[in-house]
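One structure is given below, encoded as C-alpha cells.
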Amino acid sequence: AQTVTQSQPEMSVQEAETVTLSCTYDTSESDYYLFWYKQPPSRQMILVIRQEAYKQQNATENRFSVNFQKAAKSFSLKISDSQLGDAAMYFCALTSGTYKYIFGTGTRLKVLA
Amino acid sequence: ETGVTQTPRHLVMGMTNKKSLKCEQHLGHNAMYWYKQSAKKPLELMFVYNFKEQTENNSVPSRFSPECPNSSHLFLHLHTLQPEDSALYLCASTPNGMGKGETQYFGPGTRLLVL
C-alpha cells in the first residue's frame, strides 16, 4: 500500500522568512510522481510543484523548491521569502498509476506579518 | 467560466433528502474525480471517470451515486445521507485519464452539512 505522511499539522513563518514543510511517503513502485498542492482559505486547491521520481534534480518554481530524497522517501517543500498570500493548507500527494492519487493530511501554514 | 466549477458551494440537507452536486470542467479534460475532504484526514478518492466511463469506485456507500453524462460534467447524487457524510466534496479533472503523473485541477468544493 502507498502512504503519504505529513507530520506537521501546523507551521508558522514570519513574512520574508523561509519555511520547510515535511512529507514522507512509501511506495513499492519505481515510477511515481510527487506533488505539493496549496489550498487557500477559498478552498480551490492548486498545484505548487511537481516532481518525477526518475529525475534526480529537485524541482523549483520561483520561490518554491523541493528537497527530494529518494532513498529516504522524503519530499519536503521549501518556501523562500514567504508572503502573506502563502498562507494556506499544503498537501503532499503521490501517484504511481493513472488514477490513484494518495494525499497526506495537510499542513496549515500561517504567515505572520 | 474557466477551470473547474462546482455548484452549489454550500448545501445543508436532512438525512431523508435527495440532492445533487454538480461539477463542470472547461479545460477539455477527459478524466474527472470526486473526493471527500474531512478535517484532519487525507483526501479520500471516491470515484473516477475516464472518457465518461467509471474506472474507480473506492468502496463508496451506495447512498452516493455518481453520474458522468459527458467528459465535461460530473454529478454526485446524494440520498439518505448520514451526519458523518458532512464534509467538503471536491471535484477534480486531469487531461488524459490514462496518463501517468498528471496534475489534477480542482474545483472550489461543495461544503455539505447533513443534519
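Check the stretch B:72-84 and report whether any residue there is more than 23 Å from A:SER42 (Cα to Cα) and either among the hydrophobic types (A, V, I, L, M, F, W, C) or at pLDDT below 90 (or both).
Scanning the stretch B:72-84, I find at least one residue that is more than 23 Å from A:SER42 (Cα to Cα) and either among the hydrophobic types (A, V, I, L, M, F, W, C) or at pLDDT below 90 (or both), so the answer is yes.
Determine if the stretch A:99-106 includes at least one residue that is among the charged types (D, E, K, R), out of contact with any Lys or Arg (no Cβ under 8 Å at 6 or more places or on another chain) and either at the interface with chain B (Cβ under 10 Å from one of its Cβ atoms) or surrounded by fewer than 14 Cβ atoms within 10 Å (Cβ to Cβ) (or both).
Scanning the stretch A:99-106 turns up at least one residue that is among the charged types (D, E, K, R), out of contact with any Lys or Arg (no Cβ under 8 Å at 6 or more places or on another chain) and either at the interface with chain B (Cβ under 10 Å from one of its Cβ atoms) or surrounded by fewer than 14 Cβ atoms within 10 Å (Cβ to Cβ) (or both).
Would you confirm whether or not the stretch B:51-71 contains a residue that is surrounded by 20 or more Cβ atoms within 10 Å (Cβ to Cβ) and closer than 30 Å to A:TYR54 by Cα?
Checked against the condition, which is being surrounded by 20 or more Cβ atoms within 10 Å (Cβ to Cβ) and closer than 30 Å to A:TYR54 by Cα, the stretch B:51-71 yields no hits at all.
For the stretch A:91-113, what are the residues that are of a type in the set (Gly, Ala, Ser) and either over 14 Å from A:TYR37 (Cα atoms) or assigned to a strand (DSSP E or B) (or both)?
Residues satisfying the conditions are A:ALA93, A:SER96, A:GLY97, A:ALA113.
Pick from the stretch B:20-50 the residues that are buried (at least 16 other Cβ atoms within 10 Å of the Cβ) and of a type in the set (Lys, Arg): which of them is farthest from B:LEU112 (Cα to Cα)?
B:LYS22
Check whether at least one residue in the stretch B:31-54 is in contact with a His (Cβ under 9 Å, 6 or more places away or on another chain), at pLDDT 90 or above and within 17 Å of B:ASN96 (Cα to Cα), and report yes or no.
Yes, the stretch B:31-54 contains at least one residue that is in contact with a His (Cβ under 9 Å, 6 or more places away or on another chain), at pLDDT 90 or above and within 17 Å of B:ASN96 (Cα to Cα).
Return yes or no: is B:LEU112 part of a strand (DSSP E or B) and of a type outside the set (Asp, Glu)?
Yes.
If B:GLU53 meets every condition in (1) out of contact with any Phe, Trp or Tyr (no Cβ under 8 Å at 6 or more places or on another chain); (2) of a type outside the set (Phe, Trp, Tyr); (3) under 17 Å from B:SER20 (Cα atoms) apart from one, which number is that one?
(3)
Just one of the numbered conditions (1) of a type in the set (A, V, I, L, M); (2) away from chain A (no Cβ under 12 Å); (3) crowded, with 20+ Cβ neighbours inside 10 Å is not true of B:VAL114; which one?
(3)
The values are calculated or read from the model by the stated rules, or taken from the named source; none is laboratory data. No experiment lies behind these values; they were computed from the predicted model shown. Using ideal geometry, Cβ is built from the backbone for each residue, glycine included, and neighbour counts are taken over all protein chains shown.
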